[in-house]
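Asker: The following block contains the structure, expressed as structure tokens.
The values are calculated or read from the model by the stated rules, or taken from the named source; none is laboratory data. Everything numeric here is computed off the predicted structure, so don't read it as measured data. Cβ sites come from the backbone with ideal geometry, for glycine too, and all protein chains shown count toward neighbours. Each accessible area value is taken on the protein alone, full model and side chains, heavy atoms only, with ligands, DNA and RNA left out. Shrake-Rupley method; radii C 1.70, N 1.55, O 1.52, S 1.80 Å.
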Amino acid sequence: MAVVTVRQRGFAAARRDAVARRNCVRASVALGPLLALVLGLGIAGMIDLVTMTPAAAQGFTYNPRPPRPKAPRVANDGQMLVQAVEVDYDYNNSRVSAVGNVQLYYNGTSVEADKVIYDQKTKRLHAEGNIRMTDADGKITYANEIDLSDDYRDGFVDSLRVDTEDATRMAATRADRSSGNYTVFENGVYTACAPCKDDPKKPPLWQVKGARIIHDQKEKMLYFENAQLEFFGVPMAYIPYFSTPDPTVKRKTGFLMPGFTQTSTYGFGVEIPFYWAIAPDYDATFMPRFTSKQGVLFQGEFRQRLENGSYQVRLYGIDQLDQNAFAGLPGDREFRGGVETRGQFSLNEKWVWGWEGVAFTDYMFMQDYRLSVYRDPYASFLNLPTEAVSQLYLTGVGNRSYFDARTIYYLSLSGNQQTVPVIHPVVDYSNVINSPILGGEVSYKTNFTSLSREQAVFDPITTLANTNGLCLTASADPMARIPSQCLLRGMPGTYTRATGEVQWRRSFTDSAGEIWTPFASVRADAIDSEISNQPGVSNFLPTGSTQALRVMPTVGLEYRYPFINVQPWGSTTIEPIAQVIIRPNESYAGKIPNEDAQSLVFDASNLFSVDKFSGYDREEGGGRANVGVQATTQFDRGGTINALFGQSYQLFGLNSYAVQDMTNTGLDSGLAKPASDYVTSVNYSPNRTYTFSVRSRFDEQTWNVQRFEAEARANFDRWSVSLLYGDYAAQPDLGYLTRREGILGSGSVKVAANWVVTGAARWDLQANKINQYVVGAGYVDDCFVLAANYVTSYNYATVTTPPVLGHAYMLQIGLRTIANTSSGGTGAGLQ
């Protein structure tokens, strides 16, 4: 078969070659940019009504589909390449016809059809039969017939179907284009669901049908007339008219999907957001919430993105219709409102600075109206912060260094503003020197903290103190606030500390395979405090002005000797570990404030930590030895098991963990004795399906369980389950007067290809009662999300009183590219 390629020299020049080769001709002719209309009709599909907000729904998200590879872009040389079995030239009627497997290429767009005719007199292009157009962005348009002008202003397409790059589909019986701007789709259908593989003609999970869909190219809007939403081909909702931005628009002014909430204080609420695309770099959203009992809660948010960062400001306000609904509470006022703001900006590739800020008329405003983090209907069951944070910060990250400085103001959400600290500022810097010194790695870190608090914070640790309120601020007997009855959680006054530490570490492996790691460090702390002499504070700390300088030099040696045994079934490594640390006693132990080192859990994970305190305000002192043995087995057919057992010993000097400070940190940790409790951990993973772990601490003399956790997890193709058992001995020095024991179980089952059922429950074994459970079900695929969840929590105040029941529910529905919405509510009552 002969093939001739003719570059454009006009129709007369092409004719001489074409007449001689009528069987199969491949011709490149300058028909002009005739395919661009294919066009304005290359619609990428309807776009999300909430285009300017994230489309992913909370809880469940759409299953992602792999992106299509984008077609390579072709340079715009003004030429159109035509390939066909036969090309005819009708000079009498000024027509050019291409017939049989016609392929046209122009500016990265290709069109395939059975027949293409170009009329030079009318300047129109007509194609028919199995038309397929693919543009440079990957959109594919199918049709039976197209007819358009060569300036793309007018034309029509019959039996149109469009497959877009983002896996959406649109079809219409006919599409007409006029005035170079308007395209009208007759009997249009849109969906973001993939066709059924077994039966492509089967209706998708959901689709939107419209008697007419009008595309305004200048306004970049799609208008739907007489639309209906169908599920599996069954009409479920009728919408006479609605509009949405076209697929080329990322931001467009308009209404977003409404939201629904319900509480006992403001009743039923409907939130109708309106988005305003002011400019390419800034926008605003207005979110009035119409409530049945309190009137309109006005909300507005302004956002702007600059060259090196972005910021946002959100305002709230409501003139309450029934303030008596909050009688005796902070919300008992006519006007309530607040402001939130945040921003972050880059100074360069390593440095950023930013802020967060909040202010409210009263501290219960956010909870009462389910705003910010309290918008989730499960908020009352979650471990949400009890303070809102306002801060200004500067952060830098290098290859081996880190810097962070910030000043923080905590706004109490529980009405205890006088007891929360103001931090002004806290500065951290750490760096690992790139070059070795004496063959080892050298690093250093610094911390500067300055804080103030108006009023002391006491916690009761005995039944008597709790019952009689001895540790309360308004206690009738302030002198009852003594260490045997209370803890001083926060000191009143100002506290400033500057810390610097340098560390050196090097490892050697001798000829016998023994690993020796000497290490050394020196740390210095400069402390200045001004503690208010409030009632009871002097029983814990010296009041008035105190200055202190403490220095802690440390040298130590860590020894490991791994023994490896290889068998046909796998290998086992047994590794004795010993660590000796020599240093002086902790200076000012228990005599200066402890604000950042109040939490201490001694277990196998920190057995070989040189300093086991969690913060800078306390430091471990005296000579100490940490010893243990670790065994790891790896099986050739898969699976590992790791076990660690060890103990810590106070060799000489003052045992820092036996010193009583303002929070009794360390007293019930298992480290307060010369020989610590035994700690152990076992982790077993036989395969990718199962994991088991046990963490425990046993009394050094009696072997009684002080802390025990056992966890098991299983993950299969269709279901997963986890079970956690915890048993914790009483810690009276910390205020835990009784043993705590419970089981937390959770699981999920994939009951069908896209259906999931979940559940969780927490059982208090000491009270022999379930105090919380969660049930939920959801459907999720590439185009649709449906989820429902219910949470119930029981609060057992006393053994003799009935439990207070709290419950919350949430319903979520999402149609990809169309809308996502959710509703929820909460309630409480006696069981």
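Asker: Condition first: surrounded by fewer than 16 Cβ atoms within 10 Å (Cβ to Cβ) and touching a strand residue (DSSP E or B) at 6+ places or on another chain (Cβ under 7 Å). Now tell me which residues in segment 771-789 satisfy that.
Answerer: Those that are surrounded by fewer than 16 Cβ atoms within 10 Å (Cβ to Cβ) and touching a strand residue (DSSP E or B) at 6+ places or on another chain (Cβ under 7 Å): 775, 788.
Asker: For residue 399, state whether it is more than 30 Å from residue 543 (Cα to Cα) and modelled with pLDDT under 90. Before you say what the answer is, go through the steps one by one.
Answerer: Numbers: more than 30 Å from residue 543 (Cα to Cα): yes; modelled with pLDDT under 90: no.
The answer is no for residue 399.
Asker: While we're here: Taking segment 759-791 only, how many residues are over 21 Å from the mean Cα position of the chain (by Cα), of a type in the set (Asp, Glu) and part of a loop (DSSP other than H, G, I, E, B)?
Answerer: Summing the residues that are over 21 Å from the mean Cα position of the chain (by Cα), of a type in the set (Asp, Glu) and part of a loop (DSSP other than H, G, I, E, B) in segment 759-791 gives 0.
Asker: Ok, one more. Scan 656, 722, 693 and give me the residue that is of a type in the set (Gly, Ala, Ser), touching a residue at least 12 places away in the same chain (Cβ under 8 Å) and crowded, with 17+ Cβ neighbours inside 10 Å.
Answerer: Working: 722 fails: crowded, with 17+ Cβ neighbours inside 10 Å; 693 fails: crowded, with 17+ Cβ neighbours inside 10 Å.
The unique qualifying residue is 656.
Asker: Among 253, 265, which is of a type in the set (S, T, N, Q) and either closer than 23 Å to residue 336 by Cβ or open to solvent by less than 20 Å² (accessible area, probe 1.4 Å) (or both)? Walk me through how you get there before you give the answer.
Answerer: Working: 253 fails: either closer than 23 Å to residue 336 by Cβ or open to solvent by less than 20 Å² (accessible area, probe 1.4 Å) (or both).
On inspection, the qualifying residue turns out to be 265.
Asker: Across segment 179-220, what is the total count of residues that are of a type in the set (Asp, Glu) and either in contact with a His (Cβ under 7 Å, 6 or more places away or on another chain) or touching a residue at least 24 places away in the same chain (Cβ under 8 Å) (or both)?
Answerer: 2
Asker: Can I ask one more? Criterion first (open to solvent by less than 50 Å² (accessible area, probe 1.4 Å), in contact (Cβ under 8 Å) with a residue 12 or more places away in the chain and out of contact with any Leu (no Cβ under 9 Å at 6 or more places or on another chain)) does residue 638 satisfy it?
Answerer: yes
Asker: Let me ask something else. Just give me the residues in segment 666-708 being closer than 18 Å to residue 624 by Cα and out of contact with any strand residue (DSSP E or B) (no Cβ under 7 Å at 6 or more places or on another chain), in sequence order.
Answerer: 666, 667, 669, 672, 673
Asker: Residue 208 is checked against (1) under 18 Å from residue 141 (Cα atoms); (2) not in a loop (DSSP other than H, G, I, E, B) and fails just one. What number does that condition carry?
Answerer: (1)
Asker: Scanning segment 477-509 for residues that are open to solvent by 60 Å² or more (accessible area, probe 1.4 Å) and among the charged types (D, E, K, R), which turns out modelled with the lowest pLDDT?
Answerer: The residue in question is 477.
Asker: Out of curiosity, is residue 303 basic (Lys, Arg) and more than 26 Å from residue 809 (Cα to Cα)?
Answerer: yes
Residue-wise test of (1) modelled with pLDDT under 95; (2) open to solvent by less than 50 Å² (accessible area, probe 1.4 Å); (3) over 29 Å from residue 731 (Cα atoms).
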| position | (1), (2), (3) |
| --- | --- |
| 387 | yes, no, no |
| 435 | yes, no, yes |
| 438 | yes, no, yes |
| 450 | no, yes, yes |
| 455 | yes, yes, no |
| 468 | yes, no, no |
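Asker: Looking at segment 670-707 only, could you name the residues that are part of a strand (DSSP E or B) and among the basic types (Lys, Arg)?
Answerer: In the first step, residues of segment 670-707 are kept if they are part of a strand (DSSP E or B); the result is 675, 678-685, 690-698, 705-707.
Matches in segment 670-707: 695, 697, 707.
Asker: Then there is this: As an exercise: evaluate residue 334 against (1) under 30 Å from residue 138 (Cα atoms); (2) open to solvent by 60 Å² or more (accessible area, probe 1.4 Å) and give the number of the one condition it does not meet.
Answerer: (1)
Asker: Counting only residues that are in contact with a Ser or Thr (Cβ under 9 Å, 6 or more places away or on another chain) and over 14 Å from residue 339 (Cα atoms), which one in segment 283-302 is surrounded by the fewest Cβ atoms within 10 Å (Cβ to Cβ)?
Answerer: The residue in question is 293.
Asker: Let me ask you something else. When you check residue 589 against the structure, is it out of contact with any strand residue (DSSP E or B) (no Cβ under 6 Å at 6 or more places or on another chain) and hydrophobic (A, V, I, L, M, F, W, C), yes or no?
Answerer: Criteria met by residue 589.
Asker: Looking for whichever is touching a residue at least 24 places away in the same chain (Cβ under 8 Å), out of contact with any helix residue (DSSP H, G or I) (no Cβ under 6 Å at 6 or more places or on another chain) and more than 30 Å from residue 568 (Cβ to Cβ) here; the options are 687, 704. Which one fits?
Answerer: Going through 687, 704 in turn, just one is touching a residue at least 24 places away in the same chain (Cβ under 8 Å), out of contact with any helix residue (DSSP H, G or I) (no Cβ under 6 Å at 6 or more places or on another chain) and more than 30 Å from residue 568 (Cβ to Cβ): 704.
Asker: Which of (1) under 23 Å from the mean Cα position of the chain (by Cα); (2) buried (at least 18 other Cβ atoms within 10 Å of the Cβ); (3) farther than 15 Å from residue 365 by Cα does residue 275 not meet, given it meets every other one?
Answerer: Against the list (1) under 23 Å from the mean Cα position of the chain (by Cα); (2) buried (at least 18 other Cβ atoms within 10 Å of the Cβ); (3) farther than 15 Å from residue 365 by Cα, residue 275 comes up short only on (1).
Asker: Quick check on my filter: what residues within segment 103-113 are modelled with pLDDT of 85 or more, open to solvent by less than 70 Å² (accessible area, probe 1.4 Å) and closer than 18 Å to residue 158 by Cα?
Answerer: 113
Asker: I want to confirm something. Restricting to segment 744-761 and keeping residues that are open to solvent by 50 Å² or more (accessible area, probe 1.4 Å) and hydrophobic (A, V, I, L, M, F, W, C), which single residue is modelled with the lowest pLDDT?
Answerer: This residue is 753.
Asker: Assuming residue 165 fulfils every condition listed in (1) touching a residue at least 40 places away in the same chain (Cβ under 8 Å); (2) open to solvent by 40 Å² or more (accessible area, probe 1.4 Å); (3) outside any loop (DSSP other than H, G, I, E, B) apart from one, which condition is it?
Answerer: (3)
Asker: Return a yes/no flag: does segment 565-577 have any residue that is outside any strand (DSSP E or B), open to solvent by 60 Å² or more (accessible area, probe 1.4 Å), more than 25 Å from residue 498 (Cβ to Cβ) and aromatic (Phe, Trp, Tyr).
Answerer: The answer is yes; a qualifying residue exists.
Asker: Related question: Here are the criteria: (1) buried (at least 19 other Cβ atoms within 10 Å of the Cβ); (2) of a type outside the set (A, V, I, L, M); (3) touching an Asp or Glu at 6+ places or on another chain (Cβ under 7 Å). Tell me which single one residue 245 does not satisfy.
Answerer: (3) is the only condition that residue 245 fails.
Asker: I would also like to ask the following. For the list (1) out of contact with any strand residue (DSSP E or B) (no Cβ under 8 Å at 6 or more places or on another chain); (2) under 24 Å from residue 557 (Cα atoms); (3) open to solvent by 40 Å² or more (accessible area, probe 1.4 Å), I need the number of the one condition that residue 645 fails.
Answerer: Unmet for residue 645, out of (1) out of contact with any strand residue (DSSP E or B) (no Cβ under 8 Å at 6 or more places or on another chain); (2) under 24 Å from residue 557 (Cα atoms); (3) open to solvent by 40 Å² or more (accessible area, probe 1.4 Å): (1).
Asker: Do we find a residue being at pLDDT 90 or above, over 30 Å from residue 217 (Cα atoms) and open to solvent by 30 Å² or more (accessible area, probe 1.4 Å) anywhere in segment 229-239?
Answerer: No, segment 229-239 has no match at all.
Asker: Given the conditions (1) of a type outside the set (Asp, Glu); (2) in contact with a Phe, Trp or Tyr (Cβ under 7 Å, 6 or more places away or on another chain); (3) within 28 Å of residue 458 (Cβ to Cβ), report the number of the one that residue 508 does not fulfil.
Answerer: Unmet condition: (3).
Asker: On to the next question. I want to confirm something. Restricting to segment 510-531 and keeping residues that are of a type in the set (S, T, N, Q) and at pLDDT 95 or above, which single residue is farthest from residue 549 (Cα to Cα)?
Answerer: Checking each candidate, the answer is 517.
Asker: Quick check on my filter: what residues within segment 521-541 are in a loop (DSSP other than H, G, I, E, B) and open to solvent by 50 Å² or more (accessible area, probe 1.4 Å)?
Answerer: Those that are in a loop (DSSP other than H, G, I, E, B) and open to solvent by 50 Å² or more (accessible area, probe 1.4 Å): 533, 535.
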